[in-house]
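Report on the following structure.
The values are calculated or read from the model by the stated rules, or taken from the named source; none is laboratory data. What you see is a predicted model, and the numbers here were worked out from it, not measured in a lab. Glycine also receives a Cβ, built like all others from the backbone with ideal geometry; neighbour counts cover every protein chain displayed.
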Amino acid sequence: MLPKTPILFTLHLFRSVTGVPMPPGAERDMDASAIDFDALIVGGGPAGLAALSALGRVRRTALLIDSGEYRNSPTRRIHDVAGFDGVTAAHFRWSARQQILHYKTVDAVNGTVTSIRPKANNTYFIVTAETAEGSTSTYTARKIIIATGVRDLLPPTPGLQENFGKGIYWCPWCDGHEHADQPIGILGPFDKTVEAVAEVADLNSDIIIFANGTDTFENRVRADAAFAENSSAYLDRRHVKVDNRTVTRITRLRDGEDPDRDPSLPTSPEYDLFNIEFDTGSPVERGVLLTAFTYEQRSSIGERLGLKTKDDKLEVDEDMRTIGGCASSQSRQGLSRPSEERRNHGDGFSSKLNDVELPDSGTQVALTRLKID
């Protein structure tokens, strides 16, 4: 469990720092002094920014390359981030960059990493990136942190993609409070939706699962294995309805954005309204829709680097390392539901400790992975 206060959290990060020697006999193609950075971070979302901040705090040289693609781009605002509750995601990234770049050993640029080439038995890497203007730059770094995140895979139901992030969302901690006490719908395969019910049960008791034909005996068994021994009984106790009809269209009836909201407040109600149509029978109206669909890696850079994946997640060890010299520190990486991370750490801040070894400096730098969606 990670400590719950910022001061104790920082002490926890650096208390157990130890030296890690260079692997014996490691070949060297390049003089150490000629390498540009101790670490290069791929991805400029919350995880990448947290890594850049941590490295700057201990005066490591680091470069962050940001492609401008973010999982939370469709959302109105971010929440559950102390000090930034209720701001837009763009404002958060801008503000974080302004603070981090006060540390003179780190920098951030906009661009897309197109290749990462390990050299000398992974003792350093050659990174190529393209800018929005089309120019190409090449950098060298001792370590790589992949923070490219994931992309939600939504079915082609008309109205779902168009409205996603504004009254239709996947993370109740990020967007649920704004839709409290409103009729809730949950979209997704039945075996994935039962846990989602538990996550929103305190927001409102009026909950319908739109299972889209997936409420089968087999999926009930899967839900029992994944969530509880008798998940069907849990739904009955919660008076949750299951609608197994095929969803054919989602239509927005009302935009919940309040143009007169007080921007100084961290939260205010958002009264969206959606009409859900089916292949048969009458439509249903809901004030908010929670999704329980899957996702994929946003970038193929990890795959091209030879990193292993499992269940569409980069496979890492307990210290979030992949291959030698490369670590994964992605926003929500490796977690299918928000509650998984909260169960792992027992606090509402949802942080994950990573170690990125910098052998030439004789220390480890502990990095945080922050949950913001």
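When Ile301, Ile209, Ile250 are checked against the criterion of being within 26 Å of the chain's Cα centre (by Cα), among the β-branched types (Val, Ile, Thr) and at pLDDT below 90, Ile301 stands alone in meeting it. List pairs: first in the range 145-162 and without any contact (Cβ under 8 Å) to a residue 12 or more places away in the chain, second not in a strand (DSSP E or B), Cβ under 8 Å, 6+ apart or cross-chain? Hits for this filter: Gln161/Leu154. Of all the numbered requirements in (1) in contact (Cβ under 8 Å) with a residue 40 or more places away in the chain; (2) closer than 16 Å to Gly213 by Cα; (3) out of contact with any Gly (no Cβ under 9 Å at 6 or more places or on another chain), Gly281 misses one, and that requirement is (1).
In this structure, Arg261 qualifies as surrounded by 15 or more Cβ atoms within 10 Å (Cβ to Cβ) and either at pLDDT below 90 or in a strand (DSSP E or B) (or both).
Criterion applied to Gly185, Gly165 was being in contact (Cβ under 8 Å) with a residue 24 or more places away in the chain, closer than 16 Å to Thr251 by Cα and surrounded by fewer than 23 Cβ atoms within 10 Å (Cβ to Cβ), and the one residue passing it is Gly165.
I'd like the full set of residues that are in contact (Cβ under 8 Å) with a residue 12 or more places away in the chain, among the small types (Gly, Ala, Ser) and outside any helix (DSSP H, G or I), limited to the range 46-98. Listed by number, the residues that qualify are Ala62, Ser67, Gly68, Ser73, Ala82, Gly86.
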